[in-house]
Amino acid sequence: MKNVNETRGPAILVVDDDASLASTLKDFLTREGYGVEVAFSAGEALAIQAANPRIPLALVDLIMPLTDGLTLSDELRRANPDMTVVIMTGYATIETAVEAIKRGAEDYVTKPFDYEAMRKKIARLMEVVELRERVAQLEKNLERHSCFENIVTVSPSMERVLERGRMAAATDASLLIVGETGTGKEMLARAIHEASPRARQPFVAVNSGALPRELVESELFGFRRGAFTGAYNDAPGIFSAASGGTVFLDEIGEMPKDVQVKLLRVLQEGELRPVGSTRAIQVDVRVVAATNRTLDELRSTLLREDLYFRVATIVLEVPPLRTRPEDVMVLAQHFAGRLSRRYGREISISRAGLELLLGYSFPGNVRELENLVESAAAVSADNPQVITDRDLRPMLRGSPTSSLPAKVSESLSMEQMEKLTIQQALRVSAGNRTKAASLLGISRDTLYRKLRQYQV
C-alpha cells in the first residue's frame, strides 16, 4: 500500500546512527512510494515526531549511542500510542526479539536487510495502519452522528418508538415526530436519517418558528437575483442545499399557510419554484417534520389538511420523560458519566439525588435533566464529586412532584426501581453486561455487585 499518509506528511520514520545505511533505506522506501523522514539520534527522532505527530511507523536501530532503540521506542509510543515500531538489529537473538516485543515493538528486522522481505513486511504493516485509521474514522462518525444506538433509553415505551423509527428509516415516506419540547425529536430525526439510504447525503435542520415570516419562503425554497431588495445573487435555499438528503422541519405548525402550499408541492411533485423564478426545479429530499403541538391542533387549525396527511404518512409520538422513570435514572447517570470523561474527574449522583429526580415532573424533559446534571457538575472541582439532592433542589422548577404513576410510586422502593431498571437494561442490551453497564452509566464491577445484591 503506497502513500498511506501522503496528505498528512511522512509515513515512516527511520532512526539509525549509521548515515550510509539510513540513506540507503530511505532511498529504498521512497522508491516504494512512502514519505520518509530520517533521524540519526533519539533526540532528532523525537523532534521529528513532535513536528509530525501522526507518523504511523518507525524503523528504529537497536544499538545507538546515548539512547538505545528500545528506550527510544518507549518514548515514541508514549507520545503516540498508535505508532507501530520495528526494531532494526545486527545482533539478532531470541532474547532481543522477545524483549523488543515485550516493550511494545511490532516486529524486528536483521541487518544486512533482505529488501524483498522488507518490502513485504512494510506493506503488511502499512495495511494494518490503514485499517486502524479506517476503524478510527468509523468510530468518529459514530460519535458525531446520533444513531439509534446513541439514544439512551431502557423504557419500553421509548423502545417501541425507536423500533418504529428503525422501520421508518428503511422507507422514503414523510415522517412526523410529535413530542414535548426537550424530548429529543431532532436526535430521533437524525438517527432515522443516519439509518436510511440517504445517510451519505445532507441532513439540514430548520426551526420553522424561528424564521422571520417574510423570509420563510426564500429561506426554504431559494430566490433569484432581483426578486426583492437585497437579492443581489441567486440563492439555492434549504431544500436545494439538502438535495438527496433529509430536511428536518421543526415546529412545522408555525409555518405560514401560504408557504405550506409550496411545501405541499415539494412533497407531491418533488419540485419547487424559487422566489422570483418562473421555472420550477426538481428536488429529491425526504421531509421529517416535528411539533410540540397535539395532532388535533395540527390537523384542525395549524396545518392545511392536505399538507397534514402528506407530512403525517408515518407518525412517531415521543413520550415525555415524566412517564419514563426508569429513563430518569439511566439518563442522569449517563450524563454524569459523560461529564466525568469531559472534565477528567469522577462525577456521580447520590441515592438521595436520584430519588429527588425521580420525584420531579421534568417540564423540560431530557434537555432539562441534562442541564440540571451539567449545572451541578460545573460549579464544583471536587474529585470525586457526588451530586446530592442539596445540589439539585435549588435548580428545580417549583416543588418536586412524583413523576411516577400513583400505584407505582406507592409500591416501588428505590431498590425495586433500580432492580427493574437493571433488568430492563439487560433486556435492551440482549444480555450483554458490558453494554448494559455503559447504558446505565456505571462500571462493570458496579453492575456485577448490583446483580448479586438484587439476585438478578
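A few comments on the model shown:
- For region 12-112, the gyration tensor built on C-alpha atoms gives a rounded shape. Its axis ratio a/c (a ≥ b ≥ c) stays under 1.5.
- In a reduced charge model with +1 at each Lys and Arg Cβ and -1 at each Asp and Glu Cβ, region 211-287 shows a dipole moment near 280 debye about its Cα centre.
- Dipole magnitude (debye, nearest 20) for the chain, charges at Cβ of Lys, Arg, Asp, Glu: 1140 debye
- Charge-dipole axis of region 220-281 as Lys and Arg at +1 and Asp and Glu at -1 on Cβ define it, positive-most pick from PHE228, VAL259, VAL247: PHE228
- Furthest towards positive pole of dipole, LEU295, TYR454, THR181, structure part the chain, Cβ charges: LEU295
- Nearest 10 degrees, 0 to 90: helix 257-269 Cα axis against the chain principal axis: 60 degrees
- With all protein chains in place and a 1.4 Å probe, the accessible surface of the chain carries 50 percent carbon and sulfur.
- Global geometry of region 255-327, whether rounded, prolate or oblate, following the gyration tensor of its Cα atoms and the 1.5 cut on a/c: prolate
- Between helix 444-454 and the chain there is an angle of about 50 degrees, using the helix long axis and the longest principal axis of the Cα atoms.
- Dipole check for region 49-127: with +1 at the C-beta of Lys and Arg, -1 at the C-beta of Asp and Glu, and the Cα centre as origin, the magnitude is about 200 Debye.
- Amide H within-cut-off set for LEU57, under 5 Å, with H built and near neighbours excluded: LEU13, THR84
- In order along region 20-33, phi translates into HN-Hα couplings of 5, 5, 4, 5, 5, 5, 5, 4, 4, 5, 5, 5, 6, x Hz, rounded to whole numbers, per the Karplus curve 6.51 cos²θ - 1.76 cosθ + 1.60 with θ = phi - 60° and x for Gly and Pro.
- Derived scalar couplings ³J(HN,Hα) [region 69-84; Karplus, 6.51 cos²θ - 1.76 cosθ + 1.60; whole Hz; x for Gly, Pro]: x, 5, 5, 4, 4, 4, 5, 5, 6, 5, 6, 9, x, 8, 5, 8
- DSSP-defined antiparallel bridges as percent of all bridges, the chain, nearest 5: 5 percent
- Note that region 422-435 has calculated 3J(HN,Hα) couplings of 5, 4, 5, 5, 5, 5, 4, 8, 6, x, 6, 5, 5, 5 Hz, one per residue in order, obtained from phi through the Karplus relation 6.51 cos²θ - 1.76 cosθ + 1.60 (θ = phi - 60°); glycine and proline are x.
- Relative contact order computed over the chain (Cα-Cα under 8 Å; 6+ residues apart), in percent: 12 percent
- Extreme residue, positive dipole direction of the chain, given options VAL85, VAL109, SER155 (C-beta unit charges): SER155
- Förster radius 60 Å - calculated FRET efficiency between ARG452 and ASP258, Cβ distance, rounded to 0.05: 0.40
- Amide hydrogen proximity for GLU317: with H placed 1.01 Å from N in the peptide plane, the residues at 5 or more positions away or on another chain lying under 5 Å are VAL178.
- Candidate residues ASP16, ASP74, ASP391, ASP382: accessible-area rank, largest first, probe 1.4 Å: ASP382, ASP391, ASP74, ASP16
- For the chain, the mean residue ellipticity at 222 nm estimated from helices alone is -14000 deg cm²/dmol, where every DSSP H run of n ≥ 4 contributes -39500 (n - 2.57) and the total is divided by all residues, rounded to the nearest 500.
- Net lengthening on full extension, ARG103/ARG397 (0.36 nm per residue, minus Cα-Cα): 100.2 nm
- Placed amide H near ILE387: partners under 5 Å, 5+ positions off or other chain: SER348, ILE349, SER350
- Once the Cα-Cα distance is subtracted from the 0.36 nm per residue extended length, the SER157 to ASP306 segment shows a gain of 50.7 nm.
- Accessible area of TYR448 in the full protein assembly, 1.4 Å probe (Å², nearest 10): 70 Å²
- Listed residues ARG213, ARG124 arranged by accessible area, highest first, probe 1.4 Å: ARG213, ARG124
The values are calculated or read from the model by the stated rules, or taken from the named source; none is laboratory data. Since the model is a prediction, treat every value here as computed from it, not as a measurement. A quick note on method: Cβ atoms are made from the backbone with ideal geometry, for glycine too, and the neighbour counts reach across all protein chains shown. To get the accessible areas, we keep the full protein, side chains included, count just its heavy atoms, and leave off ligands, DNA and RNA. Shrake-Rupley method; radii C 1.70, N 1.55, O 1.52, S 1.80 Å.
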